[in-house]
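The values are calculated or read from the model by the stated rules, or taken from the named source; none is laboratory data. As the structure is a prediction and not an experimental result, all values here were calculated from the model. Reconstructed Cβ throughout: ideal geometry from the backbone, glycine too, with neighbour counts over all protein chains shown. Accessible surface areas use protein heavy atoms only, side chains included; no ligands, DNA or RNA. Shrake-Rupley method; radii C 1.70, N 1.55, O 1.52, S 1.80 Å.
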Amino acid sequence: MRDETELAASYEHCRNLARTAARNFYYGFALLPPAKRDALCALYAFMRRADDISDSDRELKDKSEGLKGWRVVLDQALAGQFNGNRILPAFHHTVNQYGIPAVYFHDLMSGAEMDLKIDRYPTFDLLRQYCYCVAGTVGLCCVHVFGFQDPAALELAPKLGIAFQLTNILRDVREDFAMGRVYLPQEDLARVGCAERDIARDTASTAFIDLMRFEAERAWGLYREAVRLQELITADSRAALWALVRIYSGILKKIEAIHYDVLAKPHPRLSGFEKAWIMLRGSVGLF
C-alpha cells in the first residue's frame with residue numbers, strides 16, 4: 001500500500017510539473033488516454049530536470065557536476081532506488097511499463113552535457129547529433145508510450161524530434177546568441193555569407209534571412225520525412241501526435257510569416273486560442 005501511495009503521489013507531482021512547465025508539449029499530452037498522459041508527464045519531469053541543470057545560472061563546474069549527479073540518479077532510478085525523489089517512482093514505473101530502453105536517457109544526458117562544452121557547430125551533421133540527443137531521444141521515448149507495431153516508427157520518431165528541435169533553434173536564435181550560443185551550422189553561415197555580427201543585429205540582414213530560409217526548409221524536409229509516423233502509432237495516440245506536429249510546425253509557419261526576422265519581431269509562438277483550437281480539433285477527430 002505504501003508503494004502504491006508513493007507511486008500515485010509521484011505521478012501527481014509529475015502531472016503538476018508538466019502542466020506548469022511543459023507549455024507546447026502539454027497540449028499534446030492532454031489528448032492521450034490518462035495512463036499514457038501520466039507516462040509522458042513522468043518522462044517530461046525527469047528530462048526537465050536535466051535541462052534545468054544545463055541552463056541554470058550556476059558555474060560551469062557546478063552544472064557539470066550536477067549533470068554527472070543526475071546521471072547517477074538515472075541509473076539508480078532504473079534500478080528502483082528513489083532516495084525520496086518525488087519524480088523517480090513514476091519515472092521508473094513508466095520506463096518499465098512501456099519498455100523504454102535506458103540508452104535513450106543516457107543519450108539525452110549527453111545532449112545536456114554538450115550544451116556545457118559546445119557553443120558552435122561547424123557542420124549540420126554535428127548539429128544533427130546534438131538534436132538527436134536532446135530531442136530525437138524524446139521522440140523515441142514518446143513512440144514507446146504511444147505504442148507501435150512497425151519498427152519503421154523507430155526510424156521516423158527521431159526525425160520528428162529533430163524537426164521540433166530545429167524549429168526551436170530557429171525561434172530562439174536571438175536568445176541563444178545572447179547566451180553565447182550559435183546552433184546554426186557554421187558551414188551554412190559561410191555558404192550564404194552570414195556573419196555572426198548579422199545575428200547580433202536588431203533586424204535581419206539579407207544574409208540572415210537567406211540562412212533562416214535554408215534552415216527552415218531543412219526542418220520542413222524532416223517534417224515531411226516523418227509524416228508517416230502518424231499512421232504507425234496506435235489509434236488512441238494519433239490525436240496527440242497530430243497536435244504536437246501542428247503546434248511545432250505552426251511555429252515554423254509563424255517564422256515564415258514574419259519573413260524569418262526573428263531578431264526584430266516578437267517571439268514567434270502560437271497563441272493560447274490557436275493551441276486550444278488545435279486541441280479541440282484533435283479531441284473530436286478532425287485531423
**Message:** Whether any residue in the range 256-270 is in contact with an Asp or Glu (Cβ under 7 Å, 6 or more places away or on another chain) and touching a residue at least 40 places away in the same chain (Cβ under 8 Å) is what I want to check.
**Reply:** yes
**Single unsatisfied condition, F273 versus (1) assigned to a helix (DSSP H, G or I); (2) in contact with a helix residue (DSSP H, G or I) (Cβ under 7 Å, 6 or more places away or on another chain); (3) not acidic (D, E)** = (2)
**Asked** Do we have any residue at all in the range 224-243 that's under 30 Å from Q149 (Cβ atoms), at pLDDT 95 or above, open to solvent by 60 Å² or more (accessible area, probe 1.4 Å) and outside any helix (DSSP H, G or I)?
**Response** yes
**Message:** of a type in the set (G, A, S) and closer than 19 Å to T137 by Cα: is that true of A45 in this structure?
**Reply:** yes
**Prompt:** Across the range 1-49, what is the number of residues that are open to solvent by less than 50 Å² (accessible area, probe 1.4 Å), more than 16 Å from V95 (Cα to Cα) and aliphatic (A, V, I, L, M)?
**Reply:** 6
**Message:** Which count do you get for residues in the range 16-45 that are modelled with pLDDT under 95 and farther than 23 Å from N168 by Cα?
**Reply:** 1
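Return yes or no: is G66 in contact with a helix residue (DSSP H, G or I) (Cβ under 7 Å, 6 or more places away or on another chain), open to solvent by less than 40 Å² (accessible area, probe 1.4 Å), among the small types (G, A, S) and without any contact (Cβ under 8 Å) to a residue 24 or more places away in the chain?
Yes, satisfied.
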**Prompt:** In the list F177, F287, which residue meets the criterion of being in a helix (DSSP H, G or I), open to solvent by 30 Å² or more (accessible area, probe 1.4 Å) and either in contact with a Leu (Cβ under 6 Å, 6 or more places away or on another chain) or among the hydrophobic types (A, V, I, L, M, F, W, C) (or both)?
**Reply:** F177
**Request:** Please state which one of I199, I209, I247 is within 30 Å of R37 (Cβ to Cβ), among the aliphatic types (A, V, I, L, M) and touching a residue at least 12 places away in the same chain (Cβ under 8 Å).
**Result:** I247
**Complete:** Of those in the range 256-266 that are open to solvent by 50 Å² or more (accessible area, probe 1.4 Å) and in a loop (DSSP other than H, G, I, E, B), the residue nearest to G28 (Cα to Cα) is P266
**Prompt:** Taking the range 187-213, which residues are of a type in the set (A, V, I, L, M), assigned to a loop (DSSP other than H, G, I, E, B) and either more than 27 Å from the chain's Cα centre (by Cα) or surrounded by 12 or more Cβ atoms within 10 Å (Cβ to Cβ) (or both)?
**Reply:** A195, A204
**Message:** Of everything in the range 99-115, what is within 26 Å of D3 (Cα to Cα) and surrounded by fewer than 19 Cβ atoms within 10 Å (Cβ to Cβ)? Give them in sequence order.
**Reply:** G99, P101, A102
**Asked** Which ones in the range 70-98 are polar (S, T, N, Q) and buried (at least 18 other Cβ atoms within 10 Å of the Cβ)?
**Response** T94
**Odd one out for E217 among (1) in contact (Cβ under 8 Å) with a residue 40 or more places away in the chain; (2) open to solvent by 60 Å² or more (accessible area, probe 1.4 Å); (3) not aliphatic (A, V, I, L, M)** = (1)
